[in-house]
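> Let me begin by handing over the structure; questions about it come next.
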Amino acid sequence: MNTSPALSDPFHCGCEAEPEMGALVSVDGALRRVLTLVATVEQVERLSLERAHGRVLAEAVRAGGSLPLFDNSAMDGYAVRLADLVGKGPWRLPLAGRVAAGDAGDQPIPAGAAFRIFTGAGVPPGCDAVVVQELTRLEGDTVEIGRRPEPGENIRRAGEDLIAGAELLPAGRRIGPRAAALLASAGCGEVVVRRRIRVAFFSTGSELCAPGTPLAPGQIWNANRYHLQGSLDLPWVEAIDMGAIPDRPDRLRETLERASRSADLVVTTGGVSVGDEDHMPAVLDAAGGEVHVMKVAMKPGKPLIVGRLGQALYLGLPGNPVSAFVTWHVIGARIAEALAGIREARPTRFIVRAGFDRVRQPGRCEFLPARLGNYDDHGTRGVEIATSAVSHRVALLAQTDGLLLIPSETDRIQRGDMLEFLPFPDQ
């Protein structure tokens, strides 16, 4: 049985060796080269927490005070002084007061008495423990306690979660629901975030039509535009949709130059291979751009251009919708995250067990749309592929759960082999 290499950064695709001039660039090598070109956007803005959901922190946030802010009850019950529980129980204590969440909780417990207390309420002075109400019996204004609590039982101590000055969140963290809850709990009403990155994108191809319009012979509906619209619909991205441009070098160059003047990243689909109508390499060169990576040892998605035009990075994806989706998911998304300053930008991956046999030609790292199965006795999920020919099967993307990574040197997959799986970020 074969075993996939340990999870690594970027992909440990098995084609890491630096290629000879003109050879395919490995996925790992392409990512390393590209990420050296990326400069995180420098502009920042201060936003209220309610407007900062999904944005990227530009600086670490530290706690202005301790969490919890004060000793408080973890349960509904009765606040007691352990010194009053003398001898062998049960003990009967008169109720001398009541403390709910929001009350000051500054009245000391009288000797020989107890306070009714509720979850989140401040623990009154003199209280050593809170007895959960399920372990008591109430008779009028007297509570009977049958078990002696431990010191500090059911009390959340001030600062046990965080102490004042501790780092709440690091720079580069996206403010998701959990992060927002933490910031709010610490009383943080404003944060400093990086500005949204600007990503301009357009499709190339005279054959492309908008969905819902009639097709002439030889035309197809433009899937890539809508894939990128969805992929870029993120709180930290300002997407600039420039539509579809026909295969005319003058129009393509004008659009590319215009996009590069306003965007941090320009993404195109189509026209990046070596056919007579694949104009983008020549268009980028004519516009004064630089090519840093062209043709990556991945399948699908070999034709790929990464370069620069002025201050903008340029990413030329294949025109085939499956290839465009895979290359964006594997490479394009990493570029965007690095531009935005997102620190936890590695793609989520986990190990799965192959539920199929397959013979393949080694040489390129392969990303196969796959469906997750059940967990086995060892807690590992199985995985199945619908078909080995995926480059033209757009329907597979909507029917599968993610991409199965096949290292480039692998020539045979056997049922039970362990492989890496990249789940799609959404459905």
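> In Å, what Rg and Dmax follow from the Cα atoms of segment 350-423?
11.7, 36
> Which length gain, in nm to one decimal place, applies between Arg51 and Ala181 when the Cα-Cα distance is subtracted from 0.36 nm times their residue separation?
45.4 nm
> Separate question: Restricting the count to DSSP beta bridges whose residues both fall in the chain, what percent are antiparallel, rounded to a multiple of 5? It would help to have the intermediate numbers written out before the result.
Numbers: 56 of 86 bridges.
Around 65 percent of the beta bridges assigned by DSSP in the chain are antiparallel ones.
> Output the peptides 96-104, 224-232 sorted from most to least packed, where packing is the average of other Cβ atoms within 10 Å over each peptide's residues.
Most protected by this proxy first, the peptides run 224-232, 96-104.
> If packing is taken as the average number of other Cβ atoms within 10 Å across a peptide's residues, how do 110-118, 281-289 rank, most packed first?
With the highest mean Cβ count within 10 Å placed first, the list reads 110-118, 281-289.
> With a 10 Å Cβ neighbour count serving as the proxy for reagent exposure, in which order, fewest first, do Leu313, Leu168 appear?
So the residues, fewest neighbours to most, are Leu168, Leu313.
> Over what distance in Å are the Cα centres of segment 150-195 and segment 231-274 separated?
Using only Cα atoms, the two centres lie 40 Å from each other.
> Report the calculated FRET efficiency for Ala60 and Gln229 (r = Cβ-Cβ distance, R0 = 41 Å), to the nearest 0.05. Each step should come with its number before you reach the end.
Values: r = 33 Å, r/R0 = 0.81.
So, using R0 = 41 Å, E works out to roughly 0.80.
> So how do Glu167, Glu207 line up by other beta-carbon neighbours within 10 Å, fewest first?
Going from least to most buried by this count: Glu167, Glu207.
> Evaluate the distance, in nm, between pseudo-label points positioned 7 Å from the Cα of Phe424 and of Leu138 along their respective Cα→Cβ axes.
So the two model labels end up 5.3 nm from each other.
> Run the numbers on the chain and let me know its relative contact order in percent, using alpha-carbon pairs under 8 Å that are six or more apart. Before the final figure, lay out each step's value.
Working: 967 pairs, mean separation 76.5, N = 427.
About 18 percent, as a whole number.
> While we're on this one: Figure the gain on full extension for Asp285 and Leu82 (residue separation times 0.36 nm, minus the Cα-Cα span) and round it to one decimal in nm.
65.0 nm
> While we're looking at this one, here's another question. Please report the antiparallel percentage of DSSP beta bridges with both residues in segment 72-156, rounded to the nearest 5.
80
> What distance in nm separates the simple spin-label points at Phe70 and Val359, each placed 7 Å from Cα in the Cβ direction?
Taking the two extended label points, one gets 7.6 nm.
> Calculate the length of the line joining the C-alpha centroid of segment 31-108 to that of segment 400-427, in whole Å.
41
> Kindly put Ser323, Ser185 in sequence by how many other C-beta atoms sit within 10 Å of each C-beta, fewest to most. Spell out each step's value before the answer.
Details: Ser323 25, Ser185 15.
Starting with the residue having the fewest Cβ neighbours, the order is Ser185, Ser323.
> Run the helix sum for the chain: -39,500 (n - 2.57) per DSSP H stretch of 4+ residues, divided by residue count, reported at 222 nm to the nearest 500 deg cm²/dmol.
-4500 deg cm²/dmol
Throughout, read-outs are computed from the coordinates displayed, never taken from laboratory work. Note that this is a predicted model, so its numbers are computed, not measured. Positions of Cβ are backbone-derived with ideal geometry, glycine not excepted, and every protein chain shown enters the neighbour counts.
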